[in-house]
Amino acid sequence: MSEPKKVGRRTFLNYAIAVVATGVIVGAATYFAVPKEVTTVTAPGATVTTTKTVTTTVAGTPTPTPPTTPPGKPKLTAWYRMTFLEDFNVYLREKTLEWAQKRGVEVELSQLPFTEIYAKLTAAIDAGNPPDISLWAPLALAAEKPETRLLLPVDDVINEIGREDFYKPAIKVGSIEGKAYQLPLWCEPYLWHIRKDVLEKKGIQVKSPLSWKEAKDIAEKVNDPANDFYGLGITLGMNEDTTNQWNSLWWEFGGQYFTTKSASGVKIKSTATREAVEYLVDAYKRKLIPPDAIEWDAAGNNKCYIGGRGMMVMNPASIMYALNKENPDLFNKTLLVFPPVVFGGTNGFVVYKTCKYPDLAKDLLAYILKDKESYRKRLIEPSLGYCCPIYKSIAEELKKIPYWAPFANAVEFTHQSSYPIDEPCMALDEAGPKYIIVKMLQKILLEGQDIDAAIDWAHNEYVAIFRKHYGD
């Protein structure tokens, strides 16, 4: 057996599952085979076991190989974004297998970490060869321009499930010209994780929402770099969390990426941007932020908090999921508080025009989302706030649970990068993985570049991307 690997928060299992469903035959077996290397993750930073091939019985009696697919059997290809939560990944895999067996459909399912699915989907969309279904997509790149639109509307699926139970913002973020191109599955808000025990020891009161300015004041009171304890566990590394945390900070100062979808509408060069940059530069130079934060990957802030180095971090509640399993004591000492403007994605399924069996694809998605009881018990509740519901009925039930009360309806006040309009934007889809904001910050912090010069550079980068997609 190979040596165990250590993984970060978004470095997860990457495997392809070939599902062959043969209908209900007594004594028959249905398998999913894993032909590539498999990594099973239990929690951030945990050791993992690796094996080259795994064959697991889904139902029936084991046989040496999966049954042969009859000629002409319908087949769907699906790519799902993996999350940090293994409960989540297993649930979606099992629901997909369950549907495939009942419908007699072959499903080739790949579950991929965010960075990999982004690159793979973008390349597939550019080549005009996407899967039939994906969980997550660069939505605007795939659907904003009618002449190059690769997605099918899913309003019929939403109506079948019951549109009245969906939160309107959950549908809006995936809609273009009045049509929904994304079937929402969950909302993933960023919020403060704060050491409640340290607050009590220092006699500090925290109100909700907690502004970034107030957070910095608290950080100054508890900061102790000599003992490797830092007031702000904010990442500055080349990863998506740096951009996402920036959004929350920047929006509080009045920042936004654009006012109109055009090169002239880009608003990176602004007073708000300078104030947000100065906030981070000051905090970093005064060691309110750990010096190594500039080297962190997306798991860095998680490790900082879980390892006891940070007073507070801004992150989805994947940290709570990990603490509940690994460190219940720190779980109970953690206070969750929202900032004034909340960043977070509403993630969901899309169906591509190239799908040969669109009705089957939509039937699969309806099957997964219609089972609201399982959705609540197996996907939402175990996530401890990492996955917030897109259904009003489930949110109302969760509000009765004290832990869930603050964010059961987070989808109502969580915003995408295109805040304040919260609509798909091709330019932001392209800009995201380029980490322009992170590079701007690192030009200042690592290269010693003038703040205004770095902001000008970032502004011009966004202008070029917006011009490419929308013109001047």
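Since every read-out is calculated from the coordinates, none of them should be taken as a lab result. None of these values were measured; they are calculated from a predicted model. Every residue, glycine as well, gets a Cβ built from its backbone with ideal geometry; the counts of neighbours run over all protein chains shown.
Structural remarks
- Net charge contributed by nearby residues that have their C-beta within less than 12 Å of ASP197 (K/R +1, D/E -1): +3
- Label separation (GLU412 vs THR115): 3.7 nm, computed from points 7 Å beyond Cα along the C-beta direction.
- Virtual spin-label span in nm between SER208 and LYS356, 7 Å along Cα→Cβ: 5.1
- Applying 1/(1 + (r/R0)^6) with r as the Cβ-Cβ distance of ASN332 and ASN227 and R0 = 30 angstrom yields a FRET efficiency of 0.85.
- Packing-based ranking of 136-148, 295-307 yields 295-307, 136-148, ordered from highest to lowest mean Cβ neighbour count within 10 Å.
- Electrostatic tally near ILE368: other residues with Cβ closer than 12 Å to its Cβ, Lys and Arg +1, Asp and Glu -1, net +2.
- Near TRP457: Cβ cut-off under 14 Å, other residues only, Lys/Arg at +1 and Asp/Glu at -1. The net charge is 0.
- Relative contact order for the range 70-134: 51 percent, from Cα pairs under 8 Å spaced at least 6 residues apart, divided by residue count.
- Stretch gain in nm, segment LYS216-THR259, where the contour uses 0.36 nm per residue and the Cα spacing is subtracted: 12.6 nm
- From most to least packed by mean Cβ count within 10 Å, the peptides 388-396, 230-238 give 230-238, 388-396.
- Full extension of the chain between ASP156 and GLU423 yields a length gain of 94.1 nm, computed as 0.36 nm times the residue separation minus the alpha carbon distance.
- Multiplying the residue separation of LYS400 and LYS285 by 0.36 nm and subtracting their alpha-carbon distance yields 37.0 nm.
- Relative contact order computed over the range 148-260 (Cα-Cα under 8 Å; 6+ residues apart), in percent: 15
- Residue order, fewest to most beta carbons within 10 Å, for CYS387, CYS425: CYS425, CYS387
- Ranked by how many other beta carbons lie within 10 Å on average, peptides 336-349, 370-383 from highest: 336-349, 370-383
- FRET efficiency, 1/(1 + (r/R0)^6) with R0 45 Å, evaluated for GLU447 and GLU200 via beta carbons: 0.65
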